[in-house]
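Accompanying notes for the structure given below.
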Amino acid sequence: MLIERGPKSFGASVPDLPGCVAVAKSRRAVLKLIAEAMHAHVAVMHADGEVVPETAHEAVVVEVDDAQEEQVRARPTYTGPQFERYIGIDYSGAQTPTSSLKGLRVFAAEGTHHPTPVEPPPGPKRYWTRRGLAEWLATQLAEGPPTIVGIDHGFSFPEAYFRRHRLPRDWRVFLADFHAHWPTDGDHVYVDFVRDGARGHGAARSGVRTWRRVTEVTAGAAKSVFHFDVQGQVAKSTHAGLPWLKFLLEHPTLMGTDRMPFMWPFDGWEIPRGRSALVEVYPRLWKHLLPDSHPVMQLGMTDDERDAYVIAKALSDADHDGRLLEWCTPALDHETTAIARYEGWILATADPGRGGKGARDQTAECVSTDAGQFGPHRPGPRRGGGHHTDAQKTRPPVGRRRGLSARPGPEDDLGF
């Protein structure tokens, strides 16, 4: 195993068991956690009929002089807001690409204005469909001002997935390969159709529910992109949403133009000024921006609408006070930086000032914290699309709940 000492924490990983990692505040604690993680990881491998690999790694030391280290740690200087529009999307992986989904919500903010709901174009669908949303987003990116879009599903898979399926550490190659096996953007295709073998070749590109990306471990409560059929799952929305990222990359109005969105952090960490960008987000980090006690929540805003709202609100606030630049250029170690370029990264999860649990120097977190995840898989009842949250979105009802279907008027102030 490898032990890494950070400013306020210790990290441990097992190179021969991809995805087996732990973080704790002391060396003794991280050794205990990584031992538990190794035991659980091997147990899952045995349960899945996998062979535990022989060690194939050795340790070497490479010295870096002070000038190189300073260059690596250098961060850009904030010179003012980079974007003019901020879009938050609470994503649903339920049903088919053309299904009208109540859980698929969009909010947008212009400049420093408060986010407002974006309704689907007039037509027979009351709510957004995944296909309709992707087409609308392509138009906005092609014709609108510099925009940052936050989406709450995974943009990639863990290192263990790349290794198991012998994929190069290249995100665009991963995306094309995933789509070839999981065509969840096809007409009448549910994610469960691919899972059950009725469509695509999902079995040839599967993962283990205990595998988590480094960013998910850092975030603390974020679920694995392979952990289906549990409360707060992100697995279904991720498997449903990935093909639409590919759709945007290949859209004729964007491909080969300066309107092509910057896919953070796969295209790099610092987003070029004047470019639009797509980022993966975890709305639970910003839930405090619209607490349950806020009057608008009592008026009937749904939890899906709240997530979309706080994404747009957080992106706008952070771009105007300089935090967004810090979030986009996190101070990660060399190994984590390299892994995140193909595993992806959840925006703001390495920001120690955001509060809550998650940053490496604030958490004692192990990839195997939930003992219920280990052992042979026992399928439970399948639920709808998932979100980046570990708690069921429930709240005592206040009268009849309704969605915010119109732009707020002056009396509907969402300010804080």
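Numbers at a glance
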{"quantity": "Selection from the range 261-274 of residues that are touching a residue at least 60 places away in the same chain (Cβ under 8 Å) and either over 21 Å from ALA340 (Cα atoms) or acidic (Asp, Glu) (or both)", "calculated": "GLU270, ARG273, GLY274"}
{"quantity": "Extreme residue, modelled with the highest pLDDT, among residues of the range 326-336 that are among the hydrophobic types (A, V, I, L, M, F, W, C) and in contact with a helix residue (DSSP H, G or I) (Cβ under 8 Å, 6 or more places away or on another chain)", "calculated": "TRP327"}
{"quantity": "Residue among ALA240, ALA318 that is within 30 Å of GLY202 (Cα to Cα), modelled with pLDDT of 95 or more and either assigned to a helix (DSSP H, G or I) or charged (D, E, K, R) (or both)", "calculated": "ALA240"}
{"quantity": "Hits in the range 315-329 - residues which are crowded, with 22+ Cβ neighbours inside 10 Å and either in contact (Cβ under 8 Å) with a residue 40 or more places away in the chain or in contact with a Pro (Cβ under 7 Å, 6 or more places away or on another chain) (or both)", "calculated": "LEU315, SER316, ASP319, LEU324, CYS328"}
{"quantity": "Inter-residue pairs, beta-carbon under 7 Å, first free of Cβ contacts under 8 Å to residues at least 40 places away in the same chain and in the range 184-209, second among the β-branched types (Val, Ile, Thr) and part of a helix (DSSP H, G or I), 6+ apart", "calculated": "GLY200/VAL194; GLY202/VAL194"}
{"quantity": "Residues located in the range 1-56, provided they are at pLDDT below 80, closer than 19 Å to VAL208 by Cα and charged (D, E, K, R)", "calculated": "ASP48, GLU50"}
{"quantity": "Given (1) outside any helix (DSSP H, G or I); (2) crowded, with 24+ Cβ neighbours inside 10 Å, index of the condition GLN231 fails", "calculated": "(2)"}
{"quantity": "Residue count for the range 156-191, restricted to those that are charged (D, E, K, R) and crowded, with 19+ Cβ neighbours inside 10 Å", "calculated": "2"}
{"quantity": "Residue within the range 113-125 that is surrounded by 15 or more Cβ atoms within 10 Å (Cβ to Cβ), under 18 Å from the mean Cα position of the chain (by Cα) and not polar (S, T, N, Q) present", "calculated": "no"}
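The values are calculated or read from the model by the stated rules, or taken from the named source; none is laboratory data. These numbers come from a predicted model, not from an experiment. Neighbour counts are summed over all protein chains in view; Cβ atoms, including those assigned to glycine, are modelled from backbone coordinates with ideal geometry.
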